[in-house]
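Structure record follows, encoded as structure tokens.
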Amino acid sequence: GGSPSSASSSCGRGGGKVSPLEDLMRRKGVDDAWDALEEMLRAGGATDRFTVARMLTKTLADTRLYSDTFKINRVVALVRQFIDQQPGEADEVLFNALLDTHCRARDTDGLEATFDKMCELKVHPSHVTLGILVKAYGQAGDFKSVLRLWQEMSEQRQQANAVTYGCMINACVRCGQTDRAAEIFDDMKGLGKHCNTILYTTLIKGYGNDKDLRRAMSLFRKMKEEDVPYSTISYNSIIDVCIKCGDLVSAEDLFRDMLSPQSGVQPDLITYSTLLKGYCQVGNLDKALQVAETIKACGLKCDELVYNTLMDGCLKANDMSAGVGLFAEMMQSGIKPSSVTHSISLKLYQRNGYKGNANDAVAQLYQHHGLQRPHGSEKPSRGRGGKGKRGGVGGGPDAEMQAVSPNPLMPDRMTRHGYGGEPP
């Protein structure tokens, strides 16, 4: 939410001739356009805000940018230099694009400096600006600034659409202020503004963080009453709340609802892995392994987080054979273990009698698979906006595959065939 997608779509100023920078960006790419802008600014040349805004928006579309600090700092510096040299060209769309860059890079100092410059040049902020600002401070956990901006920017708040409200509600949830998020949600409804699936789901996640299953479930049911469509993400969110609150029965009921032809949605990897996590938490390794088989039958691929959760379930169930077998399957799937995997493996060996030499035993396990033990304690990232935080995961399985896949909630126990293994 709050992305500066409203940048002018015209070719150059007023829909006229394409600028040289625009033409270069189309022919050779945005990196060459930035190089040309740098030379142009150095020589005292001029361009237009529309082209610079589109260059920045196109750069923002590359999510890999945010791990390249040098590149993002250079882009920001060039846009600031453009504004300094041509202040009359700076408008709200360009400033929003720059603010959004700071937001995505989690650079609140840069965000504040850019907003101050916007005010200095008397460029009037819009509701889009407000959304970007509260989103940025929400990410930083600065609820005081979130609330201050929401109160101070009353004109922009009155113009706010679902995206702006979504940024604010999400900021409150991220800051642990679910009750305030609920108040804003109710205010929005009171103003007759449409509360969409994303807004409901964000608030449901907030109740999940508070482990308030009653309110989360009530809000989820209200979506149906108010004809707000369910999505895979909304089902995943409410199932996750059930798991967090230790209510596996309700999680299973919701999953069955999701599988019904009337639901219109499909489970995805996150749906299955959330259920899997719930079974592991209560020590039901058989059902967890059964869900893992269902994931494969649906044409989805178990990722590192799924395997780590399963191995942690083996740790809770004190089943070393299954744990070692899962590690081997993980290697066969081409998934590189992280420091989290190593830590679980170490505990699994320690619990099974390898007290003094668990480190050596795990080292031997890694060596057996041609690996070195990982260094550091970095945890794997899910990558996803939203709870959809798992990088590279698309939508749910195809309907045809779902129709023939085994039901992970079937009562009979699985045999764990293929998961057994012995330490090397």
>> Just to confirm a number: summing +1 for Lys and Arg and -1 for Asp and Glu over residues other than PHE255 whose beta-carbon lies under 15 angstrom from that of PHE255, what do you get?
In response: -3
> What order do you get for 194-205, 26-37 when each peptide is scored by the mean count of other beta carbon atoms within 10 Å, highest first?
Replying inline: 194-205, 26-37
> Accessible area per residue of region 320-365 at 1.4 Å probe, in Å²?
Replying inline: 43
> Across region 239-244, in residue order, what do the Karplus-derived ³J(HN,Hα) couplings come to in whole Hz, using 6.51 cos²θ - 1.76 cosθ + 1.60 with θ = phi - 60° and x for Gly and Pro?
Replying inline: 5, 5, 4, 4, 5, 4
>> Tell me the relative contact order for region 116-238 as a rounded percent, counting alpha carbon contacts under 8 Å between residues six or more apart.
In response: 20
> Taking H as built 1.01 Å from N, whose amide H comes closer than 5 Å to the amide H of CYS298, not counting residues under 5 places away?
Replying inline: none
>> Run the reach check for LYS301 against lysines, Cα to Cα strictly under 23 Å, same-chain hits fewer than 8 apart removed. What comes back?
In response: LYS277, LYS287, LYS336, LYS379, LYS387, LYS389
> What net charge is computed for the residues neighbouring ALA113, neighbours being all others with C-beta under 15 Å from the C-beta of ALA113, Lys and Arg scored +1, Asp and Glu -1?
Replying inline: -4
>> Classify region 200-326 from the C-alpha gyration tensor, please: rounded if a/c falls under 1.5, else prolate or oblate depending on whether a/b exceeds b/c.
In response: prolate
> Accessible area per residue, 1.4 Å probe, Å², for region 232-310: what's the number?
Replying inline: 31
>> Can you work out the Karplus-derived ³J(HN,Hα) for every residue in region 170-181? Use 6.51 cos²θ - 1.76 cosθ + 1.60 with θ = phi - 60°, whole Hz, and x for glycine or proline.
In response: 5, 4, 4, 4, 5, 8, x, 10, 5, 4, 5, 4
>> From the phi angles alone, apply the Karplus equation (6.51, -1.76, 1.60; θ = phi - 60°) to region 116-131 and give each ³J(HN,Hα) in whole Hz, x where the residue is Gly or Pro.
In response: 4, 5, 4, 5, 4, 7, 6, 8, 6, x, 10, 5, 5, 4, 4, x
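The values are calculated or read from the model by the stated rules, or taken from the named source; none is laboratory data. Fair warning: this is a prediction, and the values are worked out from it, not measured in the lab. Every residue, glycine as well, gets a Cβ built from its backbone with ideal geometry; the counts of neighbours run over all protein chains shown. The area values use the complete protein model at the heavy-atom level, side chains included, leaving out ligands, DNA and RNA. Shrake-Rupley method; radii C 1.70, N 1.55, O 1.52, S 1.80 Å.
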